[in-house]
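Quick one: the structure is below, and I'll ask about it shortly.
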Amino acid sequence: MTTFAGAADGAKPKYPFVFVSGYAGWGQYSGINETYQYWGMSSGDLLGYLNSRGFACYAASVDPVGSAWDRACELYAQMTGTVVDYGRVHSALYKHSRYGTDYTGRALIPAWSETDKVNFVGHSFGGATVRLLSQLLAYGSPQEVTGTTEGEVSGLFTGGKTGWINSITTMASPHNGTTMTNLSKPVAFLLPKDGEKIVGVTDESSIAIINYLKDMTKIFTNGIGADTGVYDLSLDGAAQLNKNLSTFGDIYYFSFPTDSTTSVRLSGTRVPSLKLTDIVLLPTGTYLGAAKGTTPGGIVYDKKWFNNDGIVNTISCYAPNGAPQKTFNAGSVTPGVWNVMPTFAGDHLSITGGLTRAVDVKAFYLKQLSLINSL
């Protein structure tokens, strides 16, 4: 078991924490993180603070617009210090390169195993990324095993790695999708529907912001169809993803919903609270607060979906549909069940420190990490 210097609660941290960013996010392998940390944002370096309190915290860098599958493959390679392998079958099916960045010698957790577990903290789409990783660790991918020459299969796809994860905490994660993706439909016809995709995290220029912008503009070349982040974040895409994901009996699960809206009495809709919502999220929060309809896959979203944080519907943050879940009770925390934590009053980026105005979340995260460490 990996141990570290004392933690906030006086006990030695049992396992390290790996933080996984959401859609459009970044981590410690990305140059932009040196000047503006994703975890902490306008309030400063959150992980630096948590490390100073005795915890071992790391920030993964996964494709900001990639699919949950591609991001899970990148996360595994960073964790283990290996070459990113998206899978022979998967990469051929979705028309992109099979291999990505080589993280040899740069592993986040060199000794990661059943005895040296990790705790994952995922913001937004980082939640789906980690959940898919947990599925692949346990069961692998039979399609990749049978469709790949023996000896050339990534360890991620061979399965048999249960017990490697101690806990999963999700922050503002759209487990069941977000109606925000509806806003992409009017321009969908302008984006490519076929052709070679570009995957991975760009590291070509010495100017960090250029690399980041190149990654973000991949949406214009990759489109928003299958095997993209936008599709996996849609209600239909999330439902499809959830069909193949399990809740494991040896993992502690925590989910933090977010809400930054207030009720409009006459209409029954909800609008962003000016006290809780960053100005850049006011238009999207207003849209989400009144969006009703039915998806192409037949999923109905109604007034229960109005509460939101400017990006994600609050109801979607509780837990994956069909997964065991309960309201958090500090005296009864057991693995294999989603503990739905008290709703965080703030917008989608307030819970990571705030985009243009600082929100001090240090005590909030310190409390959660200490709780996990006490289990």
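The values are calculated or read from the model by the stated rules, or taken from the named source; none is laboratory data. Everything numeric here is computed off the predicted structure, so don't read it as measured data. Heads up, the Cβs are rebuilt from the backbone with ideal geometry, glycines too, and the neighbour counts pull from every protein chain shown.
Pick from the range 155-172 the residues that are of a type in the set (S, T, N, Q) and in contact with a Lys or Arg (Cβ under 9 Å, 6 or more places away or on another chain): which of them is nearest to Phe125 (Cα to Cα)?
Thr170
Just checking, how many residues over the range 84-106 are in contact with a helix residue (DSSP H, G or I) (Cβ under 6 Å, 6 or more places away or on another chain) and farther than 15 Å from Glu144 by Cα?
Residues flagged as in contact with a helix residue (DSSP H, G or I) (Cβ under 6 Å, 6 or more places away or on another chain) and farther than 15 Å from Glu144 by Cα within the range 84-106 amount to 1.
More than 18 Å from Ile311 (Cβ to Cβ), among the aliphatic types (A, V, I, L, M) and touching a helix residue (DSSP H, G or I) at 6+ places or on another chain (Cβ under 7 Å): does that describe Ile168?
It is true that Ile168 is more than 18 Å from Ile311 (Cβ to Cβ), among the aliphatic types (A, V, I, L, M) and touching a helix residue (DSSP H, G or I) at 6+ places or on another chain (Cβ under 7 Å).
Also, quick follow-up: Being under 13 Å from the mean Cα position of the chain (by Cα) and either over 27 Å from Ser141 (Cα atoms) or modelled with pLDDT under 95 (or both) narrows it down to one of Tyr38, Tyr49, so name that one. Explain how you work it out, then say what you get.
Values: Tyr49 fails: under 13 Å from the mean Cα position of the chain (by Cα).
Criteria check complete, one pass: Tyr38.
While we're here: Which of the residues spanning the range 16-48 are of a type in the set (Gly, Ala, Ser) and either in contact (Cβ under 8 Å) with a residue 12 or more places away in the chain or touching a helix residue (DSSP H, G or I) at 6+ places or on another chain (Cβ under 8 Å) (or both)?
If the condition is that a residue be of a type in the set (Gly, Ala, Ser) and either in contact (Cβ under 8 Å) with a residue 12 or more places away in the chain or touching a helix residue (DSSP H, G or I) at 6+ places or on another chain (Cβ under 8 Å) (or both), then Ser21, Gly22, Ala24, Gly25, Gly27, Ser30, Gly31, Gly40, Ser42, Ser43, Gly44 are the ones that fit.
Then there is this: Give the range 284-307 a look and list any residue that's over 17 Å from Pro174 (Cβ atoms) and hydroxyl-bearing (Ser, Thr, Tyr), or say none.
Correct list: Thr286, Thr294.
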